[in-house]
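The values are calculated or read from the model by the stated rules, or taken from the named source; none is laboratory data. Just so it is clear, the model here is predicted, and its values are computed rather than measured. Note that we place each Cβ from the backbone using ideal geometry, even for glycine, and neighbour counts take in every protein chain shown. In case anyone asks, the SASA skips ligands and DNA or RNA and just uses the protein heavy atoms, side chains included. Shrake-Rupley method; radii C 1.70, N 1.55, O 1.52, S 1.80 Å.
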Amino acid sequence: MYTLKRSDGLVKWSEDVRWIEFDEYGRGKELHETPKVGLGLIMSPFNMFFTWQTTEVTELLESSENYIKFRTKNSDYELIKENNDLDKPGSLDEES
């Protein structure tokens, strides 16, 4: 699960995210797994009913395995990948 927080307080959730490359007309051209300046973020589902889409990334401010802080043409965002290990078999809350 991913949580996207915009600097103005907007929060969106998504099962998965991709980074979208735009063509010369501003339409989605290709999806990528990793962020890069020039790509926008799109939140699942990856069809016309997507949860949220940003404009192109202009700067990657901070990045770690489960966190990315980035700036787009019009906003600053934080993307957090939630740790879902507790939902997996063998987690601490499961009886032995």
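Cβ-Cβ below 7 Å, separation at least six or inter-chain, first residue in the range 30-43 and among the β-branched types (Val, Ile, Thr), second part of a loop (DSSP other than H, G, I, E, B) and open to solvent by 10 Å² or more (accessible area, probe 1.4 Å): which pairs?
Pairs found: Ile42/Phe50.
For the range 1-48: of the residues being of a type in the set (Val, Ile, Thr) and open to solvent by 40 Å² or more (accessible area, probe 1.4 Å), which is farthest from the chain's Cα centre (by Cα)?
Ranking the candidates gives Val37 first.
Name the residues in the range 58-80 that are open to solvent by 80 Å² or more (accessible area, probe 1.4 Å) and not in a strand (DSSP E or B), would you?
Passing the criteria: Glu65, Lys73, Asn74.
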